[in-house]
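As structure tokens, the structure follows; a few thoughts come after it.
The values are calculated or read from the model by the stated rules, or taken from the named source; none is laboratory data. Small disclaimer: the values here were computed from a predicted structure and weren't measured. A quick note on method: Cβ atoms are made from the backbone with ideal geometry, for glycine too, and the neighbour counts reach across all protein chains shown. For accessibility, only protein heavy atoms count, side chains too; no ligands or nucleic acids. Shrake-Rupley method; radii C 1.70, N 1.55, O 1.52, S 1.80 Å.
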Amino acid sequence: MSIQGETPFVITVPHEQLSLLSQKLALTTLPDEIDDARWDYGAPLADITRLVNRWKNGFDWRKQEAALNAELPQFTRDIAIEGYGTLNIHYVHKKSQIKGAIPLLFVHGCNFHVVAISLPGYGFSTAPSKKGFEIPQYAEVAHKLMLALGYGEYVTQGGDWGYRITRKIAELYGPKHSKAWHTNFPISGPPTISRPLLWLNHALSALPFLSYSKREIAGFERTVWFQRWGRGYFAEQTTRPQTVGYSLTDSPVGLLAWIYEKLVEWTDSYRWDDDEVLTWVSIYWFSRAGPTASTRIYYEAFKAADGKDMFSLVVHTKIPVGYSYFPKELVISPRSWTQVPNLVFQAEHEEGGHFAAYEKPEILVGDLRKMFGKGGGAFGVVKDKNGYDA
Amino acid sequence: MSASTESHFSISIPDSQLELLQRKLSLVVFPDELEDAGTAYGAPLSDIKRLVSYWQNGYDWPTHEAALNAELPQFTRDIPVDGFGSLNIHYVHKRSAVEHAIPLLFVHGWPGCFFEVRKILPLLVDAPQECPSFHVVALSLPGFGFSTAPTKKGFALNQYAEVAHKLMLALGYDQYAPPSHKRPLLLISHLLSYLPFLGYTEREKAGLARSLDFLMTGSGYFAIQSTRPQTLSYGITDSPVGLLAWIYEKLAASVEDGKPFTDDEILTWISIYYFSRAGPAASFRIYYEVTKLEGLGALATQESTTIPLGHSYFPNEAISLPRSWYKVPNLIFESEQPSGGHFAAIEEPEALVADLRAMFGKAGPAFGVIEGKSGFT
């Protein structure tokens, strides 16, 4: 049974692309490295050298491609976006056996019908060709996809840009369509005077009885580390994505290093297998719009924010929201800073980082089950689809 | 001072390297570009495609290599640096026929190069009789051009200064004038706070606006080079077009209001980075080491020096602040130039030399600063 306008999709990278990659890898020129650099200067030479060697010899893309196609039922369909024409959107769509399953949009399952979208410019979706495509447009695409799949009401899960986008979906399309949202990237900047009690507490937190907990202090330290050392990619991508795009597009090792640094630094000691890394990077390398397209969301969102800090604003949405806190996330605020009126679920975890769905899938799904399951704060938000049969 | 000997040096890139470059270029993959992107998103695709096409077909490195070797007498010598062993330093050195010429050290920056001295060199060395002459030394900083790079952590400003100083001493110049090619970058921490704009000239206001724009939209390279230079290094080392775009963005920004660089100039500039002894990415580490030691505001602090200081202000410089912010007791020379940007020695050689002549000439405020070397016979 196929839904109208939908085309089944199977990843099939053309042979010429594999051949070109192989030719480029054969000509790889590697930089040197400072003695005993470890991770201080960026992705270590020994790691990248080993990964390049594996990529040249041993990594089997066709095998990984087949595995992805076997695990993830994929489709493409055209979605029209106001002002931007039509984009061809790639997504995973897996329906649960349970008819009353909850439609869940996973941006960047059991009791859920799951839709996982490739955002425009990522994976096997096309990219916009005009300037200015930013958060509201990404929200529009995702929302229209859910409607096209027959999910007039749905819930969402997102981290990183997925957090911003699902929050925008909540703002624009809730409560009529977007019924509840969950994020593993609950962030806030320091409280301003508009939240006087929090602000005062923060100002006086040097006093012992108002001090932050050890966990909260560790969170601050991680945040400070990220702001000081980990945002070079952000500075470049928000300002000159095209310039860095040339190396990411032309050099497989350049793309590999750019992403690998984040796969390691942003996760909680996740034991990456070389083939896992190479599969992840290959998807960027073979992506339909090329890797440069994936950087433009930074530019467009930053420009639209017009000098305001994109990530520090705490936005109250009208619909229920749930948060999962992972200790190796990049920006970790005290829970007191992220409270909002309709926060119906929170869970703090002892392990896991930025890529929570990938690193700790059971934990993340466990949280979703608690939030949406019987007795959970968002149980029954979607009419006639409470996640159970009868 | 140093017992090390000097060797003559000629740039001589082996054919194998030229061939590898061409093989890489033949496999180039370009990104797409948004409609009407202009320069806002970075180096424009049409510029980069044109340059790559010319690089593959038409641009003749051997001609430019020969020209550089003909114009610039080059040498290498070992210079020891405390805690870092010995580096082999590449430099241009040309003495004036005027015996008592002023020894001048020319220091490039990033993405600069020793060859930025090429246009001012003949003017400095062979001045008309009424102007001072100079003996000129232009080094490749460690990690740039044809100098080797340090292999240990922590090689920061003191070490770069040590190398340059020891080089001058080794050449017999125990007193010399080191005007830096780059004006000091003075990003004062309260730049972004509210400041009275009354009393600033139009030029100063334009400069402030330009500086803010640079900080907000033009300093991504600074952020990545000062935090994760190694991560950046893989793409820039492996991809000639990646390197081209990374540097071209800065060259183009400097001349956006003036005369553009020619494609030959651009490709020669990029080629020196591409063929550099330590690889192009070694040049990033100065950002990491200096900001790690001194904080991200490292370049903002105005260190007090006691020796006479002169400034030339070029309107298209990336950072250009109200003149009152630069005032220090030893600032004895200032000049407002009508045109030119960041790479002043290449863009406006006559203007820069005129300023040096005015500062060091007979009527100048720094005349006779070095005993016995006034610049005149």
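General remarks:
- Filtering A:Leu105, A:Leu119 for residues that are away from every other protein chain (no Cβ under 14 Å), closer than 18 Å to A:Asp160 by Cβ, part of a loop (DSSP other than H, G, I, E, B) and open to solvent by less than 10 Å² (accessible area, probe 1.4 Å) leaves a single hit, A:Leu119.
- Residue within region B:54-73 that is within 11 Å of chain A (Cβ to nearest Cβ) and over 23 Å from B:Lys94 (Cβ atoms) present: no
- Among the residues making up region B:309-355, a single one is part of a helix (DSSP H, G or I), among the charged types (D, E, K, R) and farther than 21 Å from B:Val125 by Cα: B:Arg323.
- Just one of (1) surrounded by 14 or more Cβ atoms within 10 Å (Cβ to Cβ); (2) of a type outside the set (D, E, K, R); (3) out of contact with any helix residue (DSSP H, G or I) (no Cβ under 8 Å at 6 or more places or on another chain); (4) assigned to a loop (DSSP other than H, G, I, E, B) fails for B:Ala37. It is (3).
- The residues on offer are A:Tyr284, A:Tyr270, A:Tyr323, and the sole one that is under 25 Å from A:Ala67 (Cβ atoms), modelled with pLDDT of 95 or more and touching a Pro at 6+ places or on another chain (Cβ under 6 Å) is A:Tyr284.
- Any hit, region A:188-197, residues being surrounded by 19 or more Cβ atoms within 10 Å (Cβ to Cβ) and under 22 Å from the mean Cα position of the chain (by Cα): yes
- The residues of region B:134-145 that are among the hydrophobic types (A, V, I, L, M, F, W, C) and either at pLDDT below 95 or open to solvent by less than 10 Å² (accessible area, probe 1.4 Å) (or both), listed by number, are B:Phe134, B:Val136, B:Val137, B:Ala138, B:Leu139, B:Phe144.
- Long-range neighbours under 6 Å by Cβ, at least six apart or interchain, first residue facing chain B (nearest Cβ under 7 Å) and within 17 Å of A:Trp258 (Cα to Cα) within region A:18-43, second open to solvent by 20 Å² or more (accessible area, probe 1.4 Å) and outside any loop (DSSP other than H, G, I, E, B): A:Glu33/A:Leu45
- Pairs where the first residue, in region A:83-101, is open to solvent by 50 Å² or more (accessible area, probe 1.4 Å) and the second is in a strand (DSSP E or B), C-beta under 6 Å, 6+ apart: A:Thr86/A:Asp78; A:Thr86/A:Ala80; A:Lys94/A:Val114; A:Lys95/A:His113
- Hits in region A:256-271 (condition: within 18 Å of the chain's Cα centre (by Cα) and surrounded by fewer than 24 Cβ atoms within 10 Å (Cβ to Cβ)): A:Ile259, A:Lys262, A:Leu263, A:Val264, A:Glu265, A:Trp266, A:Thr267, A:Asp268, A:Tyr270
- Of all residue pairs spaced 6 or more apart or on separate chains, those with beta-carbon atoms under 8 Å, a first member in region B:20-41 that is more than 7 Å from every other protein chain (Cβ to nearest Cβ) and of a type outside the set (A, V, I, L, M) and a second member that is open to solvent by less than 60 Å² (accessible area, probe 1.4 Å) and part of a loop (DSSP other than H, G, I, E, B) are B:Gly38/B:Pro44.
- Scanning region A:271-299 for residues that are assigned to a loop (DSSP other than H, G, I, E, B) and farther than 21 Å from A:Tyr358 by Cβ yields a count of 3.
- When B:Glu336, B:Glu347, B:Glu371, B:Glu294 are checked against the criterion of being more than 17 Å from the chain's Cα centre (by Cα) and at pLDDT 95 or above, a single residue qualifies: B:Glu336.
- Selection status of A:Ala46, assigned to a helix (DSSP H, G or I), open to solvent by 50 Å² or more (accessible area, probe 1.4 Å) and within 14 Å of chain B (Cβ to nearest Cβ): yes
- Taking region B:122-133 as the range and being open to solvent by less than 10 Å² (accessible area, probe 1.4 Å) and of a type in the set (S, T, N, Q) as the test, only B:Ser133 passes.
- The number of residues in region A:275-310 that are of a type in the set (Phe, Trp, Tyr) and either at the interface with chain B (Cβ under 10 Å from one of its Cβ atoms) or more than 19 Å from A:Pro252 (Cα to Cα) (or both) comes to 4.
- Of the residues making up region A:22-38, those that are open to solvent by 70 Å² or more (accessible area, probe 1.4 Å) and either part of a loop (DSSP other than H, G, I, E, B) or within 14 Å of B:Tyr234 (Cβ to Cβ) (or both) are A:Asp35, A:Asp36, A:Arg38.
- Boolean, A:Pro73 is within 27 Å of the chain's Cα centre (by Cα), surrounded by 13 or more Cβ atoms within 10 Å (Cβ to Cβ) and either more than 30 Å from B:Gly143 (Cβ to Cβ) or away from chain B (no Cβ under 14 Å) (or both): yes
- Among the helices (runs of 4 or more DSSP H) confined to region A:300-390, the ones with at least 1 residues that are open to solvent by 60 Å² or more (accessible area, probe 1.4 Å) and in contact with a Gly (Cβ under 9 Å, 6 or more places away or on another chain) are located at A:361-372.
- Flag for A:Ala127 being more than 22 Å from A:His354 (Cβ to Cβ), in a strand (DSSP E or B) and of a type in the set (A, V, I, L, M): no
- Filtering A:Phe112, A:Phe124, A:Phe133 for residues that are aromatic (Phe, Trp, Tyr) and either within 20 Å of A:Glu82 (Cβ to Cβ) or open to solvent by 30 Å² or more (accessible area, probe 1.4 Å) (or both) leaves a single hit, A:Phe133.
- For B:Glu19, the conditions (1) in a helix (DSSP H, G or I); (2) farther than 24 Å from B:Thr237 by Cα all hold with the exception of (2).
- The numbered conditions (1) part of a loop (DSSP other than H, G, I, E, B); (2) modelled with pLDDT of 95 or more; (3) within 27 Å of the chain's Cα centre (by Cα); (4) loosely packed, with under 15 Cβ neighbours inside 10 Å are all true for A:Val13 except (4).
- All helices (runs of 4 or more DSSP H) inside region B:223-303 with 1 or more residues being open to solvent by less than 10 Å² (accessible area, probe 1.4 Å), within 7 Å of chain A (Cβ to nearest Cβ) and under 21 Å from A:Glu236 (Cα atoms): B:229-238, B:240-254, B:285-294
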